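The values are calculated or read from the model by the stated rules, or taken from the named source; none is laboratory data. All of these numbers come straight from a predicted model, not from anything done at the bench. Here the Cβ positions follow ideal geometry from the backbone for every residue, glycine too, while neighbour counts run over all protein chains shown. With ligands, DNA and RNA removed, areas are computed over all heavy atoms of the protein, side chains included. Shrake-Rupley method; radii C 1.70, N 1.55, O 1.52, S 1.80 Å.
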Amino acid sequence: MNNLSARPLGDTGIKVSPIGLGTVKFGRDKGLKYPNRFNLPFDSAIVALFEEAKTLGINFIDTAPAYGTSEERIGKLLPNRQDWIIGTKVGEEFGANGSHFDFSGNHTRKSIERSLRRLRTNYLDLVLIHSNGDDIEILEKTDCLETLMRMKEKGLIRAVGMSTKTAAGGKRALTLSDVAMVTYNSSHTDEGTVIDLAHHTGKAVIVKKALHSGHLAKQSGGNELALEFVLSRAGVSSVIVGTINPIHLRSNALAAARSQAEDLTNPAPG
């Protein structure tokens, strides 16, 4: 099949599929806001999902230490690491008592070293700061980003940025780094200004919660209209969709492919 055309991740030199596979459900089933309960998948189901993603033209995988055992399972089960763009995060840890955050340079360095071991790789394509909501303070008053930049200079990371919670934080992340991950969907458009800034400056935006954690699927038009709404906005490099269901993954990829085809047929004016 492979109908998806990769998009530039801003000016990083990396190309990502317009749909990225979110993997929180690979390793964590508690403290989430999805509308339906689920069980963590068997290894065989994850392997099948990777095979389906490859067939669909999806090359981008999003994970994080806060996603439980997700990183370890990806490292164990992902075939041909060189064929994939792997993004992970730093700053948030999830345990029996919920999430806690550490944006110190020391923790950041140790977190990256741990992610490299867990993912069984000698480099990470993308690392985002997993914000607790204090976007500006983290970027300007901690040495988290500075530490990531040093590790990028050493070749351990190809691109860095922040998964933000505010429009101001997204804009600041684009000023100081390569990528901002923002929430954007038809029910939440506040961070559209971040996408516009990325479009005008050549930086990258990745969208999370485009399907509102599954809640938009229940509305008229469902996921297809939700994805078209996001992917048609200039400045969006990729949309992260978390799923462990290959049928849902295929449906989302087909919707993204149709959106791309419509963009080619009806290019934006100017």
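Before moving on, here are some points about what is shown:
- Selection within segment 56-82 - over 17 Å from ALA6 (Cβ atoms) and of a type in the set (S, T, N, Q): THR63, THR69, SER70
- Output for segment 53-76, where each listed residue is of a type in the set (Val, Ile, Thr) and assigned to a loop (DSSP other than H, G, I, E, B): ILE58, THR63, THR69
- Taking each residue of segment 98-119 that is over 21 Å from LYS30 (Cβ atoms) and of a type in the set (S, T, N, Q) and looking for partners that are open to solvent by 60 Å² or more (accessible area, probe 1.4 Å) and not in a helix (DSSP H, G or I) with beta-carbon atoms closer than 9 Å, six or more apart or interchain, yields SER104/ASP143; ASN106/ASP143; THR108/ASP143.
- Odd one out for GLY170, checked against (1) part of a loop (DSSP other than H, G, I, E, B); (2) within 19 Å of ARG7 (Cβ to Cβ); (3) among the small types (Gly, Ala, Ser): (1)
- Scanning segment 2-31 for residues being over 23 Å from ASP178 (Cβ atoms), assigned to a loop (DSSP other than H, G, I, E, B), in contact (Cβ under 8 Å) with a residue 60 or more places away in the chain and not basic (Lys, Arg) gives a total of 2.
- Leading residue by the ranking (farthest from GLY20 (Cα to Cα)) among those in segment 142-185 that are open to solvent by 10 Å² or more (accessible area, probe 1.4 Å) and of a type in the set (S, T, N, Q): THR142
- Residue match in segment 131-151 (condition: within 30 Å of GLU72 (Cβ to Cβ), touching a strand residue (DSSP E or B) at 6+ places or on another chain (Cβ under 7 Å) and outside any helix (DSSP H, G or I)): yes
- Conditions (1) open to solvent by 60 Å² or more (accessible area, probe 1.4 Å); (2) in a loop (DSSP other than H, G, I, E, B): number failed by SER44: (2)
Every residue, every condition in (1) closer than 28 Å to VAL47 by Cβ; (2) part of a helix (DSSP H, G or I); (3) open to solvent by 40 Å² or more (accessible area, probe 1.4 Å); (4) modelled with pLDDT under 95, yes or no:
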{"position": "THR193", "(1), (2), (3), (4)": "no, yes, yes, no"}
{"position": "GLU224", "(1), (2), (3), (4)": "yes, yes, yes, yes"}
{"position": "GLN260", "(1), (2), (3), (4)": "yes, yes, no, yes"}
{"position": "LEU264", "(1), (2), (3), (4)": "no, yes, yes, yes"}
